[in-house]
Structures are given as C-alpha cells and as structure tokens.
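A.B. asks: Can you keep this structure in mind? I'll have questions shortly.
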Amino acid sequence: MLNENDYPISVQFDFNSGTFDPVKIRDDRKLSDLQMMFHDKPRVRSILAEADPLIYEIWYHPFETSKSDMALGVTRLLPGTVGDEYHMTKGHIHERDDQPEIYFCVQGEGYLLLQTIDGEFRAERWTAGTISHIPPMWAHRVVNTCADMLVFVASYHLSAGHDYAPIIDKGFRKLLLEREGQPTFVDSPRWT
Ligand code: M6P
Ligand code: ZN
C-alpha cells in the first residue's frame, strides 16, 4: 500500500526569478549568521552596527517517502563583498560520511570550494550550466564572484545532516578576495 507521500511530485522552476513553486520552506541567511565566516571581522562589525544585510536565501522542498528522504534546495546568493571577500554560503560537511550531493549552477558565475577534513582543497569554476558532484566527506561552499545573483540547485538526502563546526573552526584553506576587480585566491591565515 502506498501512503500519501509515496506518489510522484513535481515542482516548477522559474529561470527568471530563480525560484520554484510550490515551495515548502524558505530560510534567509544574513550577515549575522555568517559573521564567523568572513575574514575581515572589523568590517563585519561595522556593517552589523548599521544593518544586517541578506547574503542568500535557501528554498527547500523535502521529498520524504516511506523509504527515502531526497530533498531539493535552491540557493539564491546575492552579489557583493564584505570588505574584499565575495559573498559566499556558510559551507558545511555532511554529518554522515556516506552522503554525496549534486549542485547545479543555473545562473551567475563563481566557484564551488571543496575541502576534506585533512585539508585537501579543490575549487571548481562555475558558470551557468555547471553541474558538480560533491563526494562524501568533502566540505562545500559556494562563492559568488559576479555582479549578479548566483542561483544553484542542490539535491541531497535530508539524513546527510549539516555540520558547520569544522568551517567555523578553521574555514577553508583559501579565501576568495577581490583584488583589482578580479577574484583572487589567497591562503587563509587560519591555515598557515
Ligand atoms: C544547498 C544545500 C543545502 C544548504 C544550502 C546552503 O541548498 O546544500 O543543504 O543548506 O545549500 O548552504 P549552507 O548550509 O552551507 O549555508
Ligand atoms: Zn551539503
């Protein structure tokens, strides 16, 4: 016997707005949620003294059936910098060590940063249309280096879990900073 959640579901993605419908849950990440992530702490404090700008929105749709827990997430990452560091997601590693994820960049340009717990680092260049497989045990963060919104679609299992602690603790090996108008990788002082 199938129960109500075991039937197929489709949602409609709108390429103009970068959203889909129907949406179940929306989460906003503001600068205050990311203050540990950006390297220029005095700049973070001075912005937060005036306002708490939105950095990105996440729109989720869980597809939980009686035997699976696949989920869809669409992230809309606003353009901009905090000091000289481009807007980025917090970044996380999955709590479960057997859980991969697919990210699909549908709009904008930037980088997907990936890193293992031992500090092996990769940066995947993203343009609209890039689809990246994130293997299990690689932390992942997206950085928007363009002047427009970067939108990406994520597909993962809810049971994968999000662990932010290693990112809050040491961050990624490289910072992506704007230097003379160009995205430039710089070694993170927290790793040297
Ligand atoms: C994607 C998925 C989500 C994640 C979101 C934002 O939509 O990977 O699971 O929450 O990006 O990333 P973060 O959780 O690192 O802020
Ligand atoms: Zn993930």
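The values are calculated or read from the model by the stated rules, or taken from the named source; none is laboratory data. A quick note: this is a predicted structure, and the numbers were derived from the prediction, not measured. Heads up, the Cβs are rebuilt from the backbone with ideal geometry, glycines too, and the neighbour counts pull from every protein chain shown. The area values use the complete protein model at the heavy-atom level, side chains included, leaving out ligands, DNA and RNA. Shrake-Rupley method; radii C 1.70, N 1.55, O 1.52, S 1.80 Å.
A.B. asks: For a protection proxy built on the mean count of beta-carbon atoms within 10 angstrom, sort 86-94, 8-16, 116-124, 73-81 highest first, please.
C.D. replies: In decreasing order of mean packing, 86-94, 8-16, 116-124, 73-81 become 86-94, 73-81, 116-124, 8-16.
A.B. asks: Excluding residues fewer than 8 places away in the same chain, name every one of the lysines whose C-alpha is closer than 30 Å to that of residue 41.
C.D. replies: Here the lysines satisfying the reach criterion relative to residue 41 are 30, 90, 170, 174.
A.B. asks: What does the charge count near residue 5 come to, summing +1 for each Lys or Arg and -1 for each Asp or Glu among other residues with Cβ under 14 Å from its Cβ?
C.D. replies: Combined, the nearby Lys, Arg, Asp and Glu give -2.
A.B. asks: Send over a whole-number figure in Å² for the accessible area per residue of the chain, probe 1.4 Å.
C.D. replies: 53
A.B. asks: Which distance in Å, rounded to a whole number, links the C-alpha centroids of the range 175-190 and the range 96-114?
C.D. replies: 20
A.B. asks: Now for a different question. Sort 21, 163 from largest to smallest accessible area, using a 1.4 Å probe on the heavy atoms of the protein chains.
C.D. replies: Heavy-atom accessible area, descending, gives 21, 163.
A.B. asks: Turning to a different aspect of this structure: Taking the Cα of residue 30, stepping 7 Å toward and past its beta carbon, and measuring to each backbone N in the range 64-86: which are under 19 Å?
C.D. replies: 76-83
A.B. asks: Moving on. Nearest 0.05, what FRET efficiency do residue 104 and residue 7 give at R0 = 35 Å with Cβ-Cβ as r?
C.D. replies: 0.90
A.B. asks: Same structure again: Counting each DSSP H run of 4 or more residues in the chain as -39500 (n - 2.57), what helix-only mean residue ellipticity at 222 nm follows after dividing by all residues, to the nearest 500 deg cm²/dmol?
C.D. replies: The helix contribution divided over the chain gives -2000 deg cm²/dmol.
A.B. asks: Determine the principal axes of the Cα atoms in the chain, then give the extent along each, sorted from largest to smallest and rounded to whole angstroms.
C.D. replies: Principal extents (largest minus smallest coordinate, Cα): 59, 37, 31 Å.
A.B. asks: Now, a different point. Considering only the range 40-147, what is the antiparallel percent among its DSSP beta bridges, to the nearest 5?
C.D. replies: 100
A.B. asks: Hey, another quick one. So what's the angle, to the nearest 10 degrees on a 0 to 90 scale, between helix 41-50 and the longest Cα principal axis of the chain?
C.D. replies: Helix 41-50 sits at roughly 70 degrees to that axis.
A.B. asks: Next question, about the same structure. If you add up the charges near residue 187, with Lys and Arg at +1 and Asp and Glu at -1, over every other residue whose beta carbon is less than 14 angstrom from its beta carbon, what do you get?
C.D. replies: Once positives and negatives cancel, what remains is +4.
A.B. asks: Now for a different question. Determine the principal axes of the Cα atoms in the range 28-132, then give the extent along each, sorted from largest to smallest and rounded to whole angstroms.
C.D. replies: Taking max minus min along each principal axis of the Cα atoms, the range 28-132 gives 48, 30, 28 Å.
A.B. asks: Need one value: the accessible area of residue 54 in square angstrom, 1.4 angstrom probe, rounded to the nearest 10.
C.D. replies: Rounded to the nearest 10, the figure is 50 Å².
A.B. asks: What does the extension gain come out to for residue 21 and residue 66, with contour length at 0.36 nm per residue minus their alpha carbon separation?
C.D. replies: Going from the current span to full extension adds 13.9 nm.
A.B. asks: At 1.4 Å probe size, with the rest of the protein present, what percent of the exposed accessible area of the chain is carbon and sulfur atoms?
C.D. replies: The nonpolar share, carbon plus sulfur, comes to 50 percent.
A.B. asks: Next question, about the same structure. For every other residue with a beta carbon closer than 10 angstrom to the beta carbon of residue 94, add +1 if it is Lys or Arg and -1 if Asp or Glu, then tell me the sum.
C.D. replies: Net charge around residue 94: -4.
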